[in-house]
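Contents: one structure, followed by commentary.
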Amino acid sequence: MAEKIITSQDVHLYYGEHEALKGIDLDFTAHEITALIGPSGSGKSTYLRLLNRMNDLLPNIRITGDIRLHGQDIYAPETDVVQLRKEVGMVFQQPNPFPFSIYENVIYGLRLAGEKNKTVLDEAVESSLQAAAVWEETKDVLHQSALSLSGGQQQRVCIARVLAVKPAVILLDEPTSALDPISSSKIEQMLVNLKNDYTIIMVTHNMQQAARSSDRTAFFLDGQLIEFNATAKFFTAPAHKESEDYISGRFG
Amino acid sequence: MDPIRESLLKKSHQAKLERRGRLLGLFCISLIVVVVAAIFYFVASRGLATFYHDKINLWDFLTKQAWNPGTKDSHGIPEVGALPMIVGSFLVTIFAALVATPFAIGAAIFMTEISPRRGMQILKPVTELLVGIPSVVYGFIGLTVVVPVIRYLFGGTGFGILAGTFVLFVMILPTVTSMSVDALRAVPRHYREASLALGATRWQTIYKVVLRSSLPGLLTAIVFGMARAFGEALAVQMVIGNAALLPHNLVSPASTLTSILTMGIGNTIMGSLENNALWSLALILLLMSLVFNLLIRLIGRKGALKP
Ligand SMILES: Nc1ncnc2c1ncn2[C@@H]1O[C@H](COP(=O)(O)OP(=O)(O)OP(=O)(O)O)[C@@H](O)[C@H]1O
Ligand SMILES: [Mg+2]
């Protein structure tokens, strides 16, 4: 049995009175890609943002349940949120590079850690951009503003920026929904290549993308986890009627 | 003719109304332009008369230290050296901006990043109130509180650059603060999220992302404050001492362009050298406000290129 890197048990989340997550039990296996799918408003982003405590920033929020990274309760008072976010990186739906140069964007996390050695930084920039499959396009313009890149390139720079911190887990919230099909498939291919070094959890509305690139699929509906299964099985022989309806496009 | 075609050819009531509205707007704008141009022309023609009509050397005007337009020096040239006022104006402006900037940015950070709800509840109305207080009130408080305190602490009369700086600092603080708040607020939320998600602490995020990407806006706020300080007359005049002397320290009576101008303009005769020399001071003020405006535009354009 492969190692479970993140476990969550009976997770509830309330936005004020509204219960957005109604008891989620979900575990993630190291070095796999897990796809979170489900109709709009089903709680996928909410759940994803729990895993690196990005929801902490919102007011009026209540969280119960147990979420662990390597066996450590990430919501325990003694857990260091800053350290957690270095272990569990996040890529957002809209490409959101800082208004700095590409180089400065990629080394942002290292700068935070106080890294000053130019050689180390240069190497980190090259290897991260290469891993994010955007080195060829950016190597000659590293000191130009990241905002001058195309959306797809920006998103890959954002992924490189996360990779440079060397997290164990990467969370991606619809990373390709704002991009054209060619950029999307580049990113998809890149994620598959990253599997050896990272654990990847990705929200997507693109069924083909989930089917092609993920190892397991979790299907959310109305704040509940309906089915969690190996991707091949989920898309060929779903265990639940709702799953079948969803993948055949009958609702959502 | 086809009725639809006919109706298309006829000007509708709305189109006529719109035309009239446009004309009205055009008229108002031209009026404003004419007024501004007239002010410029007037100040420039009076201010330049000192040099053309009264044959004062421009360089002497800018660098000589004796200001006494009514009397002549040993060479028979009227004493119109504006250096003390120019230095005084720049000193109070720069000092006030230097002191106000950290306070304003600190308050803005508190209001936008640390405690938005409480900050907005308390600081917002306070700053808005402070902006609305007439400058004579600031001057009066400066005169009755700041000047005696300085006199007690440093000796002398208490009037001078330091008192002027303090009063201006309090006067520009609300403007600079509220503009800084706007600048910080304009930083998109997703920059902050991206930074936090990369393992930055809140302070690191503020320092490395929020302040850095709002730098053009913050600079604009500071320049705005400086423009206001440079042009303020009444409050400064009440606390600076109004001695047209080059300031040798911060607590001896000094003067600014505005204070000498407001003191003297009522006591001179139009067309005389004394009067023209004051218009020359006004011209410097006008040119400086132009410079501040250009600076703000320049910063804005640079910021827009690289947001
Ligand atoms: N900040 C918030 N405050 C209050 N309610 C929220 C907030 N964010 C999300 N919700 C609610 O929580 C529920 C789940 O939202 P969530 O964003 O997790 O859905 P999602 O599955 O990611 O949808 P989508 O596919 O459209 O991104 C929705 O009903 C939404 O209205
Ligand atoms: Mg979502």
Report summary line: Reported set for segment A:34-66 where residues are within 15 Å of ligand 2 (Cβ to nearest atom), surrounded by fewer than 20 Cβ atoms within 10 Å (Cβ to Cβ) and farther than 22 Å from A:Glu227 by Cβ is A:Asn55, A:Leu58
Report summary line: Picked from segment A:24-33 (must be hydrophobic (A, V, I, L, M, F, W, C) and away from ligand 1 (no atom under 12 Å from the Cβ)), the residue surrounded by the most Cβ atoms within 10 Å (Cβ to Cβ) is A:Ile33
Query raised in the report: Within segment A:176-204, can you find the residues that are within 16 Å of ligand 1 (Cβ to nearest atom) and either in contact with a Leu (Cβ under 6 Å, 6 or more places away or on another chain) or at pLDDT 90 or above (or both)?
Result: A:Ile201, A:Met202, A:Val203, A:Thr204
Report summary line: The one condition A:Tyr75 fails out of (1) within 16 Å of ligand 1 (Cβ to nearest atom); (2) part of a loop (DSSP other than H, G, I, E, B); (3) at negative phi is (1)
Report task. Quickly run through segment A:1-23 and pick out the residues that are hydroxyl-bearing (Ser, Thr, Tyr) and open to solvent by 40 Å² or more (accessible area, probe 1.4 Å). Result -> A:Tyr14, A:Tyr15
Query raised in the report: Out of the residues in segment B:180-209 that are surrounded by 20 or more Cβ atoms within 10 Å (Cβ to Cβ) and more than 10 Å from every other protein chain (Cβ to nearest Cβ), which is nearest to A:Val91 (Cα to Cα)?
Result: B:Ile206
Query - Set A:Leu225, A:Leu172: member being within 15 Å of ligand 1 (Cβ to nearest atom), open to solvent by 30 Å² or more (accessible area, probe 1.4 Å) and in contact with a strand residue (DSSP E or B) (Cβ under 7 Å, 6 or more places away or on another chain) - result: A:Leu225
Report task. For segment A:92-102, indicate whether the set of residues that are outside any loop (DSSP other than H, G, I, E, B), in contact (Cβ under 8 Å) with a residue 40 or more places away in the chain, touching a helix residue (DSSP H, G or I) at 6+ places or on another chain (Cβ under 7 Å) and more than 16 Å from ligand 1 (Cβ to nearest atom) is non-empty. Result -> yes
Report summary line: Matching residues in segment A:67-96 (within 16 Å of ligand 2 (Cβ to nearest atom) and either more than 10 Å from chain B (Cβ to nearest Cβ) or not aromatic (Phe, Trp, Tyr) (or both)) number 6
Query raised in the report: Does segment B:234-263 hold any residues that are open to solvent by 40 Å² or more (accessible area, probe 1.4 Å) and within 15 Å of B:Phe154 (Cα to Cα), and which are they?
Result: B:His248, B:Asn249, B:Leu250, B:Pro253
Query raised in the report: Among the listed residues B:Ile94, B:Ile29, which satisfies the condition of being over 30 Å from B:Leu273 (Cα atoms) and surrounded by fewer than 11 Cβ atoms within 10 Å (Cβ to Cβ)?
Result: B:Ile29
Query raised in the report: In segment A:156-178, how many residues are within 16 Å of ligand 2 (Cβ to nearest atom) and on the phi < 0 side of the Ramachandran plot?
Result: 7
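The values are calculated or read from the model by the stated rules, or taken from the named source; none is laboratory data. Since this is a predicted model, take the numbers as computed values, not measurements. Neighbour counts are summed over all protein chains in view; Cβ atoms, including those assigned to glycine, are modelled from backbone coordinates with ideal geometry. Protein only, heavy atoms only, side chains kept; ligands, DNA and RNA dropped before computing areas. Shrake-Rupley method; radii C 1.70, N 1.55, O 1.52, S 1.80 Å.
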